[in-house]
Amino acid sequence: MPTGVHLRDARQQLFDAAERVLLRAGPSGLTSRAVTEEAGCAKGVLHRHFSDFDAFLAELVLDRAARLAAQASALRGAAGTGTVAGNLTSALTTLFGPVPVAIIPLITFRDELRARLRQARPGGGIAILAEATTAISAYLADERARGRIAADADIDALTLSLVGGGHLLFADRDPGPPSTAVVDRFVASVIADAVHRRPDQDAGRRAGDRV
């Protein structure tokens, strides 16, 4: 066990080590000893930077959520380009990549971690899902404003279906994540009614409802 390995950026190297352990061993295998052994440093290094292991995990989740937020911003930038289904398929593949999918059960596995995250982010402790929800909801609203999604589309319902269904689609996959074709079929089925109706069709439907 190394006792004095120098880490130029200890926090980031510990985060990266924790990520590798989480992907390999799951939430139950993610311990402070496993992290420091993976990072090749003494256990005390972690406790010099964080008050305890749950504080470390909370910072890890928030760091990865911030990265996800930066990636998700590209989704809003895609509004009005390509196809709605194609943009959402690409976004779900990014938002529910291996690391975000592994972090979600970690949060549900540890009560204290959820409590720390709720303190850090008022309104909810599942930071990864919150970032995905915010990104997809904003993108759908942008596309509705551009007329590429029906004016009466329920953005909240579409977002819930895409995020909840997307998480189930990517979680616990063996031997790997779903193919692009599978994700594309899922997205197309969720948004089919909202994207296949043009504004003039919406008006016709509303007129028909009044008859």
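At a glance:
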read-out: Accessible-area composition of the range 20-122, carbon plus sulfur, in percent [1.4 Å probe]; value: 53
read-out: Filtered trypsin sites (Lys or Arg not before Pro), the range 93-172: DSSP coil and at most 12 other beta carbons within 10 Å; value: R146
read-out: Accessible area in the full protein assembly, largest first, 1.4 Å probe, for E37, E143, E19; value: E37, E19, E143
read-out: Potential lengthening between R67 and E37 on full extension [0.36 nm per residue; Cα-Cα distance subtracted]; value: 8.3 nm
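The values are calculated or read from the model by the stated rules, or taken from the named source; none is laboratory data. This structure is a prediction, so every number in the text was calculated from the model and none was measured. Here the Cβ is made from the backbone with ideal geometry for all residues, glycine too, and neighbour counts use every protein chain on show. Heads up: the accessible areas ignore ligands, DNA and RNA and are worked out on the full protein's heavy atoms, side chains in. Shrake-Rupley method; radii C 1.70, N 1.55, O 1.52, S 1.80 Å.
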